[in-house]
Every structure is written in structure tokens, then in C-alpha cells.
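Here is the structure we will look at.
The values are calculated or read from the model by the stated rules, or taken from the named source; none is laboratory data. Every value quoted in this text rests on a predicted model; they were computed, and no experiment measured them. With ideal geometry, Cβ positions are generated from the backbone for all residues, glycine too; neighbour counts draw on all protein chains shown. For accessibility, only protein heavy atoms count, side chains too; no ligands or nucleic acids. Shrake-Rupley method; radii C 1.70, N 1.55, O 1.52, S 1.80 Å.
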Amino acid sequence: MVSAPKTRPTDASVDDFLAAVEDPRRRADAEAVRDLMTEISGEPAVMWGTSIVGFGNTGGPTGDWPLIGFSPRKANLVLYVAGGFPEREGLVSRLGKVKTGVGCLYVARLDRIDGEVLRDLCDRSVHAMRSRHPG
């Protein structure tokens with residue numbers, strides 16, 4: 001039996017969380033990604049646990065998880081985007097300087113990646129998650 005994720009939505013303020021990001025560049029990058037993901041998902045930004053800003057909810061078989069999200073960590077801006085959709089690898093290869101994980105991308109600086117490719121990647125990720133977890 002698979003256990004549900006321990007990271008859950010909270011009532012904490014996304015604005016307060018982002019305002020507390022110490023590095024001004026990382027804070028500005030996080031605010032820009034929040035705006036992008038809000039627009040693409042059509043969902044409000046919600047704190048998931050203490051450090052993830054998520055949008056929507058998959059309601060998947062292993063429990064709740066955001067459709068898409070991010071976390072402004074000290075070393076990188078971590079973007080949580082779906083894996084396993086056909087266009088993902090091609091988009092990631094065109095994105096610019098990023099490191100990848102199974103369901104995340106590690107971005108050192110937003111101004112060093114292609115914004116239009118990021119928009120397309122986020123859009124396709126949201127569609128992939130919604131098709132996997134309808135309703």
C-alpha cells in the first residue's frame with residue numbers, strides 16, 4: 001500500500017513566504033514563476049508544507065499533490081513539473097541551463113532560460129497532470 005504524501009496544502013500566506021526569500025534575485029524569480037503558474041493553471045497559489053508553492057490538486061491515487069509548483073531554495077529555484085509526457089525531454093533540452101530530476105527542474109537563474117519554452121513546458125505539464133487525474 002502506497003502512503004499519501006506528507007506535504008499537504010496549508011493556510012500559510014504565499015505572499016509572506018515569498019517576501020521572506022532572502023536573495024532578491026531568487027525572490028523576483030519566484031514571484032515571476034508564481035505569476036506564470038497562476039496564469040497557466042488557472043489556480044491560486046497555495047503553500048504546500050513549509051516550502052512549496054503549488055497550484056491546483058491532482059487528487060491522484062497516492063494522495064494529493066499540486067498540478068504544478070515550485071520552491072525557491074537557496075541553491076536553485078526548483079520547478080515541479082510533470083514527467084512522462086512525450087514533449088517533455090525536447091522542451092527541457094531547449095530550455096537552457098537546468099538540471100533535471102524525475103518530476104522537477106533545478107534553475108539557478110530564470111534569466112538564463114528560455115521563457116517561452118518554460119511557458120510551453122508548464123502548460124503541457126498542467127495538461128498532462130489533468131489528463132492523468134481528471135476531476
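How large, in percent, is the carbon and sulfur part of the accessible surface of the chain at a probe radius of 1.4 Å?
On the way: 3750 of 7390 Å².
On the chain, the fraction of accessible area on carbon and sulfur atoms equals 51 percent.
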- Task: Go ahead and run the numbers for FRET between residue 89 and residue 132, Cβ-Cβ distance against an R0 of 22 Å, rounding to 0.05.
- Result: 0.80
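Apply 1/(1 + (r/R0)^6) to the Cβ-Cβ distance of residue 116 and residue 22, taking R0 = 30 Å, and write down the FRET efficiency to the nearest 0.05. Could you put the intermediate results ahead of the total?
On the way: r = 29 Å, r/R0 = 0.97.
The pair residue 116/residue 22 has a calculated efficiency of 0.55.
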- For the chain, what is the accessible area per residue in Å², given a 1.4 Å probe and the full set of protein chains? 55
- Excluding the sites themselves, what is the longest stretch of the chain that contains no trypsin sites (Lys or Arg not before Pro) in a DSSP loop with at most 16 other C-beta atoms within 10 Å? 7-72
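With Rg and the Kirkwood Rh both taken from Cα atoms, where does Rg over Rh land for the range 1-111? Write out the running numbers ahead of the final one.
Working: Rg = 13.9 Å, Rh = 14.6 Å.
A ratio of 0.95.
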- Item | In the range 58-123, GluC sites (Glu not before Pro) in a DSSP loop with at most 14 other beta-carbon atoms within 10 Å | 87
- Net charge of neighbours whose Cβ lies under 9 Å from the Cβ of residue 74, counting Lys and Arg as +1 and Asp and Glu as -1: 0
- Query: Does the range 48-112 come out rounded, prolate or oblate, given a ≥ b ≥ c as the square roots of the eigenvalues of its C-alpha gyration tensor, rounded meaning a/c under 1.5 and, failing that, prolate meaning a/b above b/c?
  - Reply: oblate
